[in-house]
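The values are calculated or read from the model by the stated rules, or taken from the named source; none is laboratory data. The model shown is predicted, which means the values in this text are computed figures rather than measured ones. Please note: Cβ atoms are built from the backbone with ideal geometry, for glycine as well, and neighbour counts cover all protein chains shown. For the accessible areas, the whole protein counts, side chains as well, though only heavy atoms, and no ligand, DNA or RNA atoms are used. Shrake-Rupley method; radii C 1.70, N 1.55, O 1.52, S 1.80 Å.
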Amino acid sequence: MKFQLMQIHLTNDEVDAINKAQDHGVIPKNKMRIAMQMDFSGSKTTKIAAEAMSKGFYNHVANIEANDLDEVFEIGNIGPESAIERLGRMSSVSVGDVLVDEAGNASVVASFGFQEVA
């Protein structure tokens, strides 16, 4: 099965704005990305991911061929590279990333496991 990997990435201009303001929260998508990473209980991650998706903050960066979400996580972190079709700059799969299966079901990587994004 092929899964789309969606990640939030900052542009160079956004990084410059953060550095100038000395405030990571000055860029809304970065503020949301950090909030998901710091949501250790996982109680807010799904809501934040859904809002970030609705605002267009995610980029489709790769397609990963895998049997399930756990295997997507493994392949996105340790390979094999042959299972990854890179479409742009891709970081390792981590908290806040969204995985979309062939049926269009979206799941966000949470602190522990995955949560469905409605």
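List of remarks:
- Helix 12-21 and the longest principal axis of the Cα set of the chain meet at an angle near 40°.
- In the context of the full set of protein chains, the chain has a per residue accessible area of 57 Å² (1.4 Å probe).
- Ranking by accessible area, most exposed first, for 101, 70 with a 1.4 Å probe: 70, 101
- Radius 12 Å from Cβ of residue 49, net charge of other residues (Lys, Arg +1; Asp, Glu -1): +1
- Dividing the radius of gyration of the alpha carbons in the stretch 25-72 by their Kirkwood radius gives 1.04 for Rg/Rh.
- Its residue count N sets the reference 2.2 N^0.38 Å, and the alpha-carbon radius of gyration of the chain equals 1.05 times that reference.
- Accessible carbon and sulfur surface of the chain relative to its total accessible area, %, 1.4 Å: 51 percent
- Mean Cα-pair separation over length for the chain, i.e. relative contact order, pairs under 8 Å, 6 or more apart, %: 34 percent
- Value of [θ]222 nm, deg cm²/dmol, for the chain, DSSP H segments ≥ 4, -39500 (n - 2.57) each, nearest 500: -10000 deg cm²/dmol
- Nearest 10 degrees, 0 to 90: helix 45-54 Cα axis against the chain principal axis: 80 degrees
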